[in-house]
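J.: Provided herewith is a single structure, encoded as structure tokens, for subsequent inquiry.
Each reported figure results from applying straightforward, stated rules to the coordinates on display, with no laboratory input. These numbers were taken from a predicted model, which means no experiment stands behind them. Methodologically, a virtual Cβ is constructed for each residue, glycine included, from the backbone with ideal geometry; neighbour enumeration extends over all protein chains shown.
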Amino acid sequence: MKGTKRSWSVLILTASVWLMGCENTTTDGAVGSHAVFVDSVLQSMTLEDKVGEMTQLTLGAIGVGKPYKLVEPQRLDTAKAYDALVTNRVGSVLNCGNHEHTPEKWHEFIAGIQHYAQQKESKIPVLYGVDAIHGPTYTTNAVLVPQQIGLAATWNEDLVRENAENTAAQIFGCGIPWNFSPVLDLGRDPRWPRFWETFGEDPLLASRMGVAMVEGYQNGEVPIAATLKHFFGYGFTLSGNDRTPAWIPERELREYFLPSFKAAIDAGAMSIMVNSGEINGIPVHTNKWMLTDLLRDELGFEGVVVTDWEDVKYLYTRHMVAKDYKEATRMSIEAGIDMCMVPLDFGFTEALLALVREGSISESRIDESVRRILVMKKQLGLFETGGMPPALEDYPNREEFEDDAAQAALESITLLKNEGQNVVDPVQPVLPLGKSGKLFVTGPTAHSLNALNGGWTGTWQGRDTVYNTPGMPHLVEALSNRFGIKRVVSEKLSMDFETAEIDRVIRAIERTRPDYVVLALGEMPYTEIPGNDEDLALFGNQKALIRAVHKMGLPTIGVFIEGRPRTFDDVEPFMDAIVMAYLPGDFGGDAIAQVLEGSYNPSGRLPFTWPRHPSSHVTYDHKHTEEIGTDFYTNGFNPQYSFSHGLSYSSVEVTDLRLEQTSYDMGDTIHLMVGLTNVGDRITNELVCVFSQDSVASITPSVDRLRYFDRVMVGPRESMSLSVSLPVEELSFINAALQEVVEPGAFSLRVGSKTVAFNVNE
């Protein structure tokens, strides 16, 4: 965070409380340091107090109006708030009332809620949570950063950490100490509508990015609590649709889907949200093996486990494993949840009270969960501040955070293709465009700031233009600002444009005679079930637009603004340059413009494998049998673009790859020397990835596994050496006995096109 020191007394107090409990950044240390205080509070609580602490309602349940349609301007309903927070002792509130609010309105809400909390006998403050997943997504005029898939494309942990810290400062300034972020599900099936909320398909990349985000939220100048979502295996459903069944063997769960969560737990994450779906026929909210045996006993997690939206109720209304709310509540409590995101009524509260009173659930089990919740509240300083928001005059200026957000957008932009245009110059790449020539810009995402930001922006689906950040440009505006208004001509298209509108675009191109055509393609915002789409192909009308423009014989640049890779193999040859922008946030329009202009040398690299066809969802770390072609001889793995692919305006080549030795024992560290040469004339932010190959293993080995990555700046025409240290143990995999092992034998390491071989001894 590149801001000035703030003199927030409440922040200083909160930070000191945090440090007392988190010297070792583990939940275990924090729990131990607060044990005496928390036990004293717990002993004074009634059963009703305790069950209330385990209950979480949405803001819509205590506001004036109906839950999904509150009366504007929004305000607390006196009777509803008193009933929830005083009579029923509800300990947590979440969400935003269906749209963003000013910091002033947030202060009004939080202060009002804590006012009611002080009226109950226990006076325990309410814990407020919100989905601030790419900056403060529900705060007016806050700084919005790229969505996680874009952050993953930067491969820059420091930048992820900085932006998370900035997010923490802004939402804490609203009085909100708990963030439902990061998403640590893997994006291994691009059909999944929450794919863009992930850090991509690889466990190592997701682990390192996740740890950075947790550290940014929890260890910065203004700490808030992070939430790991969604424990675990959520994004790998059979259908690709949200909240549908998954079938994942335990070995695969441990190999691919667990590492990111384990890494973030080890980094001290304070809370976890449960997977809304079912795995192998068992809803995760009822899975004691996952939520207790694995999460608590094996991984040592001592933080708060919260359900997702209505998921306890869904156990009997969707999953059909419980006969009623009471049985569903019993099953989820026995499995290991601590807090239920109810979020609209008191069904959970009533059911849990009845279960304890009849002896089906012991009060000691309730105490376990409540103790964790109280520890979290203590860690966040709520008992010292009463949960009241800091002074409004101390709310941070957005200028403090803009540079980090803009840099993240820049570093995320990924140049996928850059070739010569046959009519103009068959050799010279189209990009960068430089300072001359006229641009014609069109496409369904060209005039949309919503498209740049994606879901969970202002509103749940992120589609309402009224909540766009004032003054932030969409792509056409950004290009006009960067290139000059006289050089940019545009035609607006809706997402569902028809053939007649394509004809209008072609006539406009003929009339304006541009030097280049920029096609802004992709998707409008979505998330969760409304984003389900079983066909990954680029929309037919967008393909028709590409074909029609291609016939004009002009250099054509495709800019994809989207959260998942839509396939376009049949029209790929008709675009001379292709840019993937992901969902880059408020500063994304200018970031794209800088890359096209050439004032920024693109450095983004794909955090996923881009499929060539809608039904081919094979990841980079596939098995050898997945490479068998239809003739049994050719390589059948043929993605549109490979994992970690991305171009720059200078090319960095791997010129040397050497090991100090060719034989290693268990416990040794492999020292790898990587020689790099920039053959171009521009400084380049190069991504260096080290992939391993296991020649023979007891479990069929992957063709490639990412074991190390780093970013290095390589100057024009510069040659340099990078030293990589890789412990032998990091070549491990999960074997049939569910053990993490390194088996002796032959291995190799690959960087770029160069490979070195070595052996690991018994």
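J.: What are the ³J(HN,Hα) values, in whole Hz, obtained from phi via the Karplus relation 6.51 cos²θ - 1.76 cosθ + 1.60 with θ = phi - 60°, for each residue of region 524-540 in sequence order, with x given for Gly and Pro?
T.: Listing the rounded values in order: 8, x, 6, 6, 6, 4, x, x, 4, 7, 7, 10, 7, 4, 4, 4, x Hz.
J.: Could you derive backbone 3J(HN,Hα) for region 240-248 from the dihedral phi with the Karplus parameters 6.51, -1.76 and 1.60 (θ = phi - 60°), listing whole Hz in sequence and x where the residue is Gly or Pro?
T.: Using θ = phi - 60°, the values come out as x, 7, 6, 6, 10, x, 10, 10, 9 Hz.
J.: Quick one: Kirkwood hydrodynamic radius for the chain, alpha-carbon pairs, angstrom, one decimal? Intermediate values should be presented prior to the final figure.
T.: On the way: mean 1/r = 0.0369 Å⁻¹.
Its Kirkwood hydrodynamic radius stands at 27.1 Å.
J.: Right, something else. Excluding residues fewer than 8 places away in the same chain, name every one of the lysines whose C-alpha is closer than 16 Å to that of K262.
T.: K229
J.: Evaluate 2.2 N^0.38 Å with N set to the residue count of region 650-760, then give the Cα radius of gyration divided by it.
T.: Details: Rg = 15.4 Å, N = 111, 2.2 N^0.38 = 13.2 Å.
The value comes to 1.17.
J.: Excluding T227 itself, calculate the net charge of residues whose Cβ lies under 11 Å from the Cβ of T227, where each Lys or Arg counts +1 and each Asp or Glu counts -1.
T.: Working: positive: K229; negative: D131, D308.
For residues surrounding T227, the net value is -1.
J.: By how many degrees, between 0 and 90 and to the nearest 10, does the Cα long axis of helix 363-379 differ from the longest principal axis of the chain?
T.: 60 degrees
J.: Right, another one. Largest first, please: the extent of the C-alpha atoms of region 413-597 along each principal axis, to the nearest Å.
T.: 45, 35, 30
J.: How do V724, V93 rank when sorted from fewest to most other Cβ atoms within 10 Å of their own Cβ? Mind dumping the intermediate values first?
T.: Values: V724 18, V93 27.
Final ranking by Cβ density, sparse to dense: V724, V93.
J.: Another question, if that's okay. Taking 19 Å as the cut-off for C-alpha to C-alpha distance, list the pairs among K438/K492; K105/K313; K66/K377; K66/K326 that go past it.
T.: On the way: K438/K492 17 Å; K105/K313 31 Å; K66/K377 29 Å; K66/K326 25 Å.
Among K438/K492; K105/K313; K66/K377; K66/K326, the Cα-Cα distance tops 19 Å for K105/K313; K66/K377; K66/K326.
J.: Within the chain, what's the longest stretch lacking chymotrypsin sites (Phe, Trp or Tyr not before Pro) that sit in DSSP loops with no more than 15 other Cβ atoms inside 10 Å? Mind dumping the intermediate values first?
T.: Working: sites that count: Y68, W247, F632, Y633.
Longest run free of exposed loop sites: 248-631.
J.: Exposure proxy check: C689, C340 ranked by fewest other beta carbons within 10 Å?
T.: C689, C340
J.: Can you show me the helix-derived [θ] at 222 nm for the chain, built from DSSP H runs with n ≥ 4 at -39,500 (n - 2.57) apiece and divided by the number of residues, rounded to the nearest 500. Write down the numbers at each step before the final one.
T.: Details: 21 runs with 214 residues, N = 762.
Computed ellipticity for the chain at 222 nm equals -8500 deg cm²/dmol.
J.: Sorted from largest down, what three extents in whole angstroms do the Cα atoms of region 9-394 have along their principal axes?
T.: Answer, in whole Å and largest first: 50, 49, 44 Å.
J.: Which whole-Hz couplings ³J(HN,Hα) result when phi for each residue of region 135-147 is put into the Karplus expression 6.51 cos²θ - 1.76 cosθ + 1.60, θ = phi - 60°, listed in order with x for Gly and Pro?
T.: x, x, 5, 10, 10, 4, 6, 7, 8, 9, 10, x, 5
J.: A further question follows. So which trypsin sites (Lys or Arg not before Pro) in region 243-343 end up in coil per DSSP with only 12 or fewer other C-beta atoms within 10 Å?
T.: Working: sites: R243, R251, R254, K262, K288, R296, K313, R318, K323, K326, R330; in loops: R243, K313, R318, K323.
Taking region 243-343 and a limit of 12 other Cβ atoms within 10 Å, the loop trypsin sites (Lys or Arg not before Pro) found are K323.
J.: Once label points are set 7 Å from the Cα along Cα→Cβ at both R658 and D681, what is their separation, rounded to one decimal in nm?
T.: Spacing of the two 7 Å Cα→Cβ label points: 3.2 nm.
J.: For a quick check: sort S616, S369, S436, S271 by the number of other beta carbons within 10 angstrom, fewest at the front. Provide the component values of the computation, followed by the final result.
T.: Working: S616 17, S369 21, S436 8, S271 25.
Going from least to most buried by this count: S436, S616, S369, S271.
J.: With a cut-off of at most 16 other beta carbons within 10 Å, and DSSP calling the residue loop, which trypsin sites (Lys or Arg not before Pro) in region 402-510 qualify? Please list them.
T.: Details: sites: K417, K435, K438, R463, R482, K486, R487, K492, R504, R507; in loops: K435, K438, R463.
Sites meeting the loop and neighbour criteria: K435, K438.
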